[in-house]
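A short write-up of the structure that comes next.
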Amino acid sequence: MIGYLYLFVAIISEVIATNLLKATDGFSKLVPSVECLIAYVVCFYSLSKAIKYMPLNVAYALWGAVGIILITVFSVVYWKEQINTPTIIGLGFIVIGTVLVNVFGTGH
């Protein structure tokens, strides 16, 4: 269970860091740049701790899939970016792939 807690922290900090990455304006703004780098350090540290307690393929699949979905939602809501049908279909494939890795993967 602790592995999933570390993974949760890794996902949330990665979503924060990626959104801060946009706010850095190409790392030309100091405060968002420092915050972004700190969030990425927290992200990768937490991910490294998570994979001590769970299989790498499961952790990475969840980290990537949940992260990209949350970042997409955040980009639409906060940054007012547009998405289209192929993007939504692609996100669906990511979810399907993640479910397959978790249900049928040999890591559990």
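The values are calculated or read from the model by the stated rules, or taken from the named source; none is laboratory data. All values derive from a computational prediction rather than experimental measurement. All Cβ positions, even for glycine, are placed from backbone atoms using ideal geometry, and neighbour counts span all protein chains on display. Surface areas here come from the heavy atoms of the whole protein model, side chains and all, with no ligands, DNA or RNA. Shrake-Rupley method; radii C 1.70, N 1.55, O 1.52, S 1.80 Å.
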Next on the checklist: Looking at the stretch 45-62, can you tell me whether even one residue there is without any contact (Cβ under 8 Å) to a residue 40 or more places away in the chain and of a type in the set (D, E, K, R)?
Outcome noted: no
Checklist entry - Filter the stretch 26-38 for residues that are in a helix (DSSP H, G or I), open to solvent by 60 Å² or more (accessible area, probe 1.4 Å) and among the hydrophobic types (A, V, I, L, M, F, W, C); which is farthest from ILE12 (Cα to Cα)? => result LEU30
Next on the checklist: Condition (residue is touching a residue at least 12 places away in the same chain (Cβ under 8 Å), under 13 Å from the mean Cα position of the chain (by Cα) and closer than 29 Å to GLY105 by Cα) applied to the stretch 19-38: is it met by at least one residue?
Outcome noted: no
Next on the checklist: Criterion first (open to solvent by 70 Å² or more (accessible area, probe 1.4 Å), more than 18 Å from THR18 (Cβ to Cβ) and over 18 Å from the mean Cα position of the chain (by Cα)) does PHE104 satisfy it?
Outcome noted: yes
Checklist entry - Hey, among VAL41, VAL73, VAL66, VAL103, which residue is within 28 Å of MET1 (Cβ to Cβ), modelled with pLDDT under 95, in a helix (DSSP H, G or I) and of a type in the set (Val, Ile, Thr)? => result VAL103
Next on the checklist: Restricting to the stretch 59-96, name every residue that is of a type outside the set (A, V, I, L, M, F, W, C) and open to solvent by less than 70 Å² (accessible area, probe 1.4 Å).
Outcome noted: GLY64, GLY67, THR72, SER75, THR87, GLY90, GLY92
Checklist entry - Taking the condition open to solvent by 20 Å² or more (accessible area, probe 1.4 Å) and outside any helix (DSSP H, G or I), does SER48 pass? => result no
Next on the checklist: Among the numbered criteria (1) open to solvent by less than 60 Å² (accessible area, probe 1.4 Å); (2) under 14 Å from the mean Cα position of the chain (by Cα); (3) at pLDDT below 95, which one does ALA10 miss?
Outcome noted: (3)
